[in-house]
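**Q** First the structure, then my questions, so here it is.
The values are calculated or read from the model by the stated rules, or taken from the named source; none is laboratory data. Being a predicted model, the structure only gives us computed values, none of them experimental. Neighbour counts run over all protein chains shown; Cβ positions are idealised from the backbone, glycine included.
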Amino acid sequence: MKRPSRGSKLLLCAFAAVSFSASALAQTWPNSTVTVVVPWPPGGPSDIAARPIAKRLTEDLHQPFVIDNRGGGGGNIGSAAVARANPDGNTLLITSSAPIVINPSLYKKMPFDPSTDLIPITNLLRVPLVLVANPAVPANNLKELIAYIKSKKGDFSYASAGSGTPQHMTGELFRSTTGLEMTHVPYKGSAPAISDLLGGHIPIMFDSMIAIMPHIKSGKVKVIAVSGDKRSALLPNVPTFAESGFPTLVSYAWYGFFAPAGTPKPIIDKINAETLKAMKQPDFQRVLNDTGSDFVGDTPENFAKFVKDESVKWSKVVKESGATVD
């Protein structure tokens, strides 16, 4: 049998040393404060997902996990800061899908590349969107709404929480799937869009259940359909788009956990394992119930595949819609 050369032995020793070093780093991580960047203003859905996770990781790992809300640029500014951070596990990202799978197609120039500059850790929330209408709109189901929009012959608008948001892109998916003529009206967040919807200044909008549920419960808006692949437990009497004749119109606003590229695999695996534990605790289970989300904790590998598939899906929607923010 041929003996390994001196060069091969040195290479094997170097590989073993690197593997041991990464494993040892994971055992001692975290040994200082961990910053969890949320690239959106406080109080939004990403924040709602991030805070109970950070609280539980702080308790379980005995180091502070501090939320840093760094909004701007459609989520790009805070996400780019994490992408450029030292890959030691001490700077992490919790964000909605927008800067990860929508913005790369929407912005002509991105400050980072989500596919190479970030490592997916796990999905945290996957929330279906709801199509709602002002009570004055003369439609109570999707068939009636489509007929009404067609009767307006292009003189019809829909609102979203902002250009490039899942709400906007779901609206574009709805428009392209149905062939309807509608004008997109972007707002700076869900709150002002909902305010104009309630005031009758805009007839319909897509929004996440997190933001719109209080107005559904109060009867201030009509619920037309949900965008999930099944009915929501929070709205059991509201049909999906698939049930209403549009099986390809499935959309979720999802929120994930990411680390800078180059973060050692043992640290990624440790964050993943600890996060999945945190997601099973009462505080986070309450978030799942309140938002109508199923448990979506996953392995880094499966979440990475999900992110890749979502990128393909939404790049196609962006291209077909002609949407841009530049």
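**Q** Pull up segment 142-169, narrow it to residues that are polar (S, T, N, Q) and modelled with pLDDT of 95 or more, then point me to the one that is nearest to residue 301 (Cα to Cα).
**A** 157
**Q** Of all residues in segment 264-281, which are among the basic types (Lys, Arg) and more than 15 Å from residue 87 (Cβ to Cβ)?
**A** Matches in segment 264-281: 277, 280.
**Q** Next question. Among the numbered criteria (1) under 27 Å from residue 99 (Cβ atoms); (2) touching a Gly at 6+ places or on another chain (Cβ under 8 Å), which single criterion is violated by residue 233?
**A** (1)
**Q** Among 189, 200, which is the only one that is out of contact with any strand residue (DSSP E or B) (no Cβ under 6 Å at 6 or more places or on another chain) and more than 26 Å from residue 71 (Cα to Cα)? Steps first, answer last, please.
**A** Working: 189 fails: more than 26 Å from residue 71 (Cα to Cα).
Only one candidate qualifies: 200.
**Q** Looking at segment 54-68, which of its residues are within 10 Å of residue 35 (Cα to Cα) and either of a type in the set (Val, Ile, Thr) or modelled with pLDDT under 95 (or both)?
**A** 66, 67, listed by residue number.
**Q** Let me ask another. With the requirement that a residue be of a type in the set (D, E, K, R) and in contact (Cβ under 8 Å) with a residue 24 or more places away in the chain, what does segment 240-285 give you?
**A** Within segment 240-285, 265, 269, 270, 274, 277, 283 qualify.
**Q** Within segment 246-283, how many residues turn out to be at pLDDT below 95 and in a helix (DSSP H, G or I)?
**A** Selection size over segment 246-283: 2.
**Q** How many residues are surrounded by 21 or more Cβ atoms within 10 Å (Cβ to Cβ) and more than 17 Å from residue 167 (Cβ to Cβ) if we restrict to segment 209-237?
**A** Of the residues in segment 209-237, 0 are surrounded by 21 or more Cβ atoms within 10 Å (Cβ to Cβ) and more than 17 Å from residue 167 (Cβ to Cβ).
**Q** Could you give me the residue pairs with C-beta distances under 8 Å whose first residue belongs to segment 35-58 and is assigned to a strand (DSSP E or B), whose second residue is of a type in the set (Asp, Glu) wherever it lies, and which are 6+ apart or on separate chains?
**A** 35/68; 36/68; 37/68; 38/47; 38/68
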